[in-house]
Amino acid sequence: MLIVGTILLVNQQLNIGQFIAAEIIILLVLNSVEKLIMNLGTVYDTLTSIEKISSLTDKPAEENGSVQLAPADQGLQVEMQQLSFSYNDEKEILIDVSLK
């Protein structure tokens, strides 16, 4: 655009004020487009977050009393059989542990 403007200025089809004004407008438009492109990732992240939140809020609410729990005076029993554990695929710390 600078080359075209210079040619028009030399051929006196454009005065210096019009040339400077056109260059300023072009720079402002290009700067705005660049900012829009740079923030496009943020826009997509925001849309994805809104979609995830929407999927949660669209689920039906649970009614009070819809889940029956065992009486608390009897206590609970937890049982694990053949439990193994390791950190990040390293050597297993617990191997085939059973608890009752």
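So which DSSP H runs in the chain come out at 30 Å plus along the axis (Cα) with average Kyte-Doolittle of at least -0.5?
Qualifying helices, which must be both long enough and hydrophobic enough, are 16-38.
Per residue, what volume in Å³ does the Cα convex hull of segment 1-90 take up?
267 Å³
Taking the Cβ of GLN82 as the center, what net charge do the other residues with Cβ under 15 Å away carry, scoring Lys and Arg +1 and Asp and Glu -1?
-2
For the chain, what relative contact order do you get, as a whole percent, if you take Cα pairs closer than 8 Å and at least 6 residues apart?
14 percent
Here, each number is a calculation from the coordinates, and none is a lab measurement. Just so we're clear, the structure is a prediction, and the values are computed from it rather than from any experiment. All Cβ positions, glycine included, derive from the backbone under ideal geometry; neighbour counts span all protein chains shown.
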